[in-house]
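The block underneath contains the structure these notes are about, expressed in C-alpha cells.
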Amino acid sequence: MLKKSLAVAFSLTALISSPLSYAQTSGCNKNSSGSDLIGRMANKENCLNDRVQNWQNKNRAEAEARQKKIDNLRDKYTNAPAREREKLQGKIDAQKNKLDELKHERTEKIDRLKADQKAQHDRIKALSDKTKQDFRNFGRLN
C-alpha cells in the first residue's frame, strides 16, 4: 500500500518537474507575475510573441529597403541607354527574386514559431489532463 502511494507520488513529481526545464527563458524580459510553472510558461509565451514581432519588424524593414533599391534601379532604367537597360533589368530581376525569397523565408519562420507555440500549449494541456487523471486515480488505489 505504501509502495503504491510512494510510486504514484514519485511519478507525479517526475511528471510535474520534467516540463520545468522547458519553461526556462533565456535572454528575455522576466516581468512575470509568478515564478511557478504557469508563470514561467506565460513568460515563455510572451517571449515567443516578442521574438515573432521583432522578426516581423526586421523583415519588414529589409523588404522596404529592397523595394527602395528596386525603385531606384527602375529610375535609372528609364533614363539609361539600351545596353545599360539590359544590365539594370538583370539587377532589378535579381532584387525582385531576393525580395520574394525574403518574404517566403519570413512566412515559413513565422509559421514555425506559431507551430512551436501551439505545440507548447498542447503539451501543457496534455500535462494538465494527465495530472488531473492521476489525482482522480490516486484515491482509487486505496
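Considering only Cα-Cα distances, which of the following residue pairs are longer than 20 Å: Lys58/Lys96; Lys76/Lys96; Lys109/Lys130; Lys98/Lys118?
The pairs that break the limit, which is 20 Å between Cα atoms, are Lys109/Lys130; Lys98/Lys118.
Using a simple spin-label model with pseudo-atoms 7 Å out from Cα toward Cβ, Ala42 and Lys69 lie 4.4 nm apart. Label positions at Ala94 and Leu113, each projected 7 Å from the Cα along the C-beta direction, are separated by 3.0 nm.
Using the Cβ-Cβ distance between Asn49 and Asn137 with R0 set to 35 Å, the FRET efficiency from 1/(1 + (r/R0)^6) comes to roughly 0.45.
About its Cα centre, the dipole of region 32-120 is roughly 300 debye, where the only charges are +1 on Lys and Arg Cβ and -1 on Asp and Glu Cβ.
Bear in mind these aren't lab numbers, they're just calculated from the coordinates by the rules spelled out. Because the structure is predicted, anything quoted here is derived from the model rather than measured. Quick reminder, even Gly has a Cβ in these numbers, built from the backbone with ideal geometry, and neighbours come from all protein chains shown.
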